[in-house]
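J.: Okay, handing you the structure first.
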Amino acid sequence: MSRPMPQPGILDIAPYTPGKSGAPGLTKVYKLSANETPLGPSPKAIEAYKHAVSHLEDYPEGSSQVLREAIGRAFGLDPDRIVCGAGSDEVLNFLAHVYLGQGDEAIMTRHCFLVYPIATMGNGAKPVIVPEKNFVADVDAILSAVTPRTKMVWLANPNNPTGTYLPFDEVKRLQRALPPHVLLVIDSAYADYVTRNDYESGIELVATSENTVMCRTFSKIHGLAALRVGWVYGPAHVIDAVNRIRGPFNVSTPAMLAAAAALEDTSHLECARDHNTKWLAWLTEEIGKLGLTVTPSVGNFILIHFPKEKGRDAAAADEALKARGIILRRVAAYGLPDCLRMTIGTESDNHAVVAALAKFMGRA
């Protein structure tokens, strides 16, 4: 039977599977499977969103000017070097569409965000997977994988799902050693949570190079995941190319205005960061006391390692937690079958997880 066929390689892509949202038969559920903020969005963002719904018949302003200018004020950036998108996922796909094609290669690390291989393969290019060192991106491994076919390097910093990061000196070393025609994509979705002195989100590198971009999102610390808003800051020539394929109304007016308002509410952002810093440290210590290893994280989530022993492994832990209404993220698709990822939740969420894990490990 003859029928339309996808482009070569499309059916080889494993579709992205989000974390589960619930557990059947339970009224109380602790959903910690997606990296959402437990504090919710800024009240100012909610108010801006509500105001926008009285004009739903109008098309959005086509370039997200209000939001680009708000981002520019918040970070000291030129709004003309920013493109906004329906979540950072759309922006990442824009970059892949512009710079990757048949026969090209894009380098990414072993436990990278799954959108990178999907975007790469979706444009006919080959994902080149390089090993990490103690779950941290290895600059030397990345550089050793560069070939004449390399067109892009994907770098999540901090990385999801490991929570690890590269110090800025290492990111600079990577950028300086890449051939000038290779685009370095720094995905800084979790940058707002990082409190380390040796970290920089990538703004400085973008400002001083022609082959580096930085992507950010409003889905994490700003709590606007449902609205799908992200952005990329890059050299003028990259922004020009991306704007040539971007849909003219790709960010809705309610999303645009809510995101702009969220940026203005710095006190809400600081509260979210402080909450995360406190409970990230607490969870890492308390879960460690149960005999489980937690990869040191700078994001709003932790990666918990379980024994390979049957009945004590990650699959068994997942089932035991779900029975108590606790939903964490299975990360076998990321090459981490012995791990679960937990988003930092509310105080009660966090205590519930530690109590459930203590029971599971026989430490209650």
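J.: Nearest 500 deg cm²/dmol is fine: what mean residue ellipticity at 222 nm does the chain get from its DSSP H runs of n ≥ 4 alone, each adding -39,500 (n - 2.57), divided by its residue count?
T.: Result for the chain, helices only: -11000 deg cm²/dmol.
J.: Can you list residues from other chains, or at least 5 along the same chain, whose modelled amide H is less than 5 Å from the amide H of Asp265?
T.: Counting only residues 5 or more places away or on other chains, the set is empty.
J.: Would you please report the Å³ per residue occupied by the convex hull of the alpha carbon atoms in segment 123-181?
T.: 92
J.: Which three numbers, in whole Å and largest first, are the semi-axes of the equivalent ellipsoid of segment 219-358 derived from its Cα gyration tensor as √(5λ)?
T.: Working: eigenvalues 254, 73, 39 Å².
Three semi-axes, in Å: 36, 19, 14.
J.: In addition: Counting DSSP beta bridges with both partners in segment 176-328, what percentage is antiparallel, nearest 5?
T.: Given both bridge residues lie in segment 176-328, the antiparallel proportion sits at roughly 65 percent.
J.: First check a/c for segment 171-257, with a ≥ b ≥ c the square roots of the eigenvalues of its C-alpha gyration tensor; if it is under 1.5, answer rounded, and if not, answer prolate when a/b is larger than b/c or oblate otherwise.
T.: oblate
J.: Could you rank Thr212, Thr17, Thr147 by how accessible they are, 1.4 Å probe, largest area first?
T.: Largest accessible area first, the residues go Thr17, Thr147, Thr212.
J.: Right, another one. Could you tell me whether segment 100-148 comes out rounded, prolate or oblate from its Cα gyration tensor? Rule is a ≥ b ≥ c as square roots of the eigenvalues, rounded for a/c under 1.5, then prolate if a/b exceeds b/c, otherwise oblate.
T.: Note, shape of segment 100-148 comes out oblate.
J.: Cα gyration tensor of segment 55-126, axes a ≥ b ≥ c as square roots of the eigenvalues: rounded (a/c below 1.5), prolate (a/b > b/c) or oblate?
T.: It is prolate, given that a/c is not under 1.5 and a/b is the larger ratio.
J.: Find the accessible area per residue for the chain; the probe is 1.4 Å, ligands and nucleic acids are left out, and the unit is Å².
T.: Ligands and nucleic acids excluded, the figure is 44 Å² per residue.
J.: Once you've got the GNM for the chain with C-alpha springs shorter than 10 Å, pick whichever of Leu257, Leu166, Leu11 has the biggest mean-square fluctuation.
T.: Leu11
J.: What spacing in nm lies between the two simple spin-label points modelled at Asn243 and Asp78, each 7 Å away from Cα in the Cβ direction?
T.: 1.1
J.: Roughly how many whole Å is it from the C-alpha centroid of segment 53-81 to that of segment 303-364?
T.: 40
J.: With every protein chain in place, what's the accessible area of Asp169 (1.4 Å probe, Å², nearest 10)?
T.: 110
J.: I would also like to ask the following. Select one label from (i) 22.8, 64; (ii) 20.7, 61; (iii) 22.0, 71: the one whose number is Rg and Dmax of the Cα atoms in Å as derived from the coordinates shown.
T.: Matching the structure shown: (ii).
J.: If you don't mind, there's one more thing I want to ask. For the chain, what relative contact order do you get, as a whole percent, if you take Cα pairs closer than 8 Å and at least 6 residues apart?
T.: It rounds to 24 percent for the chain.
J.: Placing +1 at every Lys and Arg Cβ and -1 at every Asp and Glu Cβ, with all other atoms neutral, what dipole size does segment 1-135 have around its Cα centre, in debye to the nearest 20? Don't skip to the answer; put the middle values down first.
T.: Values: 12 positive and 14 negative charges, 126 e Å.
It comes to approximately 600 debye.
J.: Within the set Lys172/Lys322; Lys133/Lys308; Lys28/Lys133; Lys126/Lys278, which residue pairs have Cα atoms separated by over 31 Å?
T.: Lys172/Lys322; Lys28/Lys133; Lys126/Lys278
J.: Which semi-axes, in whole Å and largest first, does the equivalent ellipsoid of segment 285-364 have when worked out from the alpha carbon gyration tensor as the square roots of 5 times its eigenvalues?
T.: 16, 16, 12
J.: Take the alpha carbon atoms of segment 41-191, find their radius of gyration, then divide it by 2.2 N^0.38 Å using N residues; give the quotient. Please list the in-between numbers first.
T.: Working: Rg = 17.8 Å, N = 151, 2.2 N^0.38 = 14.8 Å.
Normalised Rg, Cα atoms only: 1.20.
The values are calculated or read from the model by the stated rules, or taken from the named source; none is laboratory data. Nothing here was measured: the structure is a model prediction, and the numbers come from that model. Note: ideal-geometry Cβ built from the backbone for every residue, glycine included; neighbour counts use all protein chains shown. For accessibility, only protein heavy atoms count, side chains too; no ligands or nucleic acids. Shrake-Rupley method; radii C 1.70, N 1.55, O 1.52, S 1.80 Å.
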